[in-house]
Amino acid sequence: MLEAKNVCLAIEGKHLLKDINFKAEEGSFICIAGANGSGKTLMLKTLCGVLQPSAGAVFLNGRDISLYDIRQKSMLMRFLPAVLQSVFNYKVKDIVLMGTNPHIKWWQDYTAQNEAAAYAALQNTDAAHLAERDIFTLSDGEMQRVFIAQILSAQPKAILPDEPTSHLDLKQKNDVFKLFLKAAQNGRIVICATHDIELAKKYATHICLLKNGEIDGFAPAAQIGDADIARVYGL
């Protein structure tokens, strides 16, 4: 379970997250929705330890995540940023294999187990046919699948994507949400920031509504209505 207890975040004296209390069980696919500037990305970064809360704490399986070292944390939790890119034109199979890096020491070569995890991740994201392609030759939708596969190859407990469907067409958006639902059904925790409310209601198990850095509502996706969405978006 991933849990935030009384989490606050202040940067340069400005309170950006306020009293966040939040639980995500294994098998949950939770979408965080709210207007731009509501704190969605900051909440994800705080939940996975990229940002340290100014008050409160985040726990994974009952342990404060600040007690995990970087390697341990990267094995357990993965943040997927909104903007994805590769600096070098690696093969897709190599990009995905890099996701297993936390499981080996810096002086070790990849093992057959690492390669098997990478291939399984490519299969689970329907990207195995892209394995020999150069990353720079992929479409946005294909690249999104590859970076999701990279995360899955690490076999983390929790995946935290930030607006993962930006710049994708309707089919690609549905495909990405299906991948996250599948990951949740396989026992992972998926917490995703999104503006795609209809997709969230279709695929997510729960929706968390965020407004001005505070949780304004949290419920099973089917229970979130138009009035709730209008309230947090100021419609």
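Can you give me the number of residues within the range 200-235 that are within 18 Å of SER28 (Cα to Cα), of a type outside the set (Val, Ile, Thr) and surrounded by fewer than 20 Cβ atoms within 10 Å (Cβ to Cβ)?
9
Only one of these conditions is not met by PHE136: (1) aromatic (Phe, Trp, Tyr); (2) more than 26 Å from SER38 (Cα to Cα); (3) crowded, with 22+ Cβ neighbours inside 10 Å. Which number is it?
All conditions pass for PHE136, except number (3).
Of all the residues that make up the range 69-87, how many are farther than 14 Å from THR41 by Cβ and of a type in the set (Val, Ile, Thr)?
2
Condition check ((1) more than 17 Å from PRO81 (Cα to Cα); (2) in contact with a Ser or Thr (Cβ under 8 Å, 6 or more places away or on another chain); (3) aliphatic (A, V, I, L, M); (4) in contact (Cβ under 8 Å) with a residue 24 or more places away in the chain) across all residues:
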{"residue": "GLN150", "(1), (2), (3), (4)": "no, no, no, yes"}
{"residue": "LYS157", "(1), (2), (3), (4)": "yes, no, no, yes"}
{"residue": "HIS167", "(1), (2), (3), (4)": "no, no, no, yes"}
{"residue": "VAL190", "(1), (2), (3), (4)": "no, yes, yes, yes"}
{"residue": "THR194", "(1), (2), (3), (4)": "no, yes, no, yes"}
{"residue": "LYS202", "(1), (2), (3), (4)": "yes, no, no, yes"}
{"residue": "GLY213", "(1), (2), (3), (4)": "yes, yes, no, yes"}
{"residue": "GLN223", "(1), (2), (3), (4)": "yes, no, no, no"}
{"residue": "GLY234", "(1), (2), (3), (4)": "yes, no, no, yes"}
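Are any residues in the range 139-168 surrounded by fewer than 16 Cβ atoms within 10 Å (Cβ to Cβ), under 22 Å from LYS40 (Cα atoms) and either modelled with pLDDT of 90 or more or out of contact with any helix residue (DSSP H, G or I) (no Cβ under 6 Å at 6 or more places or on another chain) (or both), and if so, which ones?
Selection gives SER166 alone.
Of the residues ALA183, ALA204, only one is touching a strand residue (DSSP E or B) at 6+ places or on another chain (Cβ under 7 Å), at pLDDT below 95 and of a type outside the set (D, E, K, R); which?
Checking each option against the conditions leaves just ALA183.
Any residue in the range 111-123 that's buried (at least 17 other Cβ atoms within 10 Å of the Cβ): show its pairings with residues that are of a type in the set (Lys, Arg) at Cβ separation under 7 Å, as long as the two are six or more apart or on different chains.
Matching pairs, first to second residue: ALA118/LYS93.
Quick one: which strands (runs of 3 or more DSSP E) lie wholly within the range 114-212 and hold at least 2 residues that are of a type in the set (A, V, I, L, M) and touching a Gly at 6+ places or on another chain (Cβ under 8 Å)?
In the range 114-212, the matching strands (runs of 3 or more DSSP E) lie at 206-211.
The values are calculated or read from the model by the stated rules, or taken from the named source; none is laboratory data. Given the structure is predicted, the values throughout are model-derived calculations rather than measurements. Here Cβ is always computed from backbone atoms with ideal geometry, including for glycine, and neighbour counts include all displayed protein chains.
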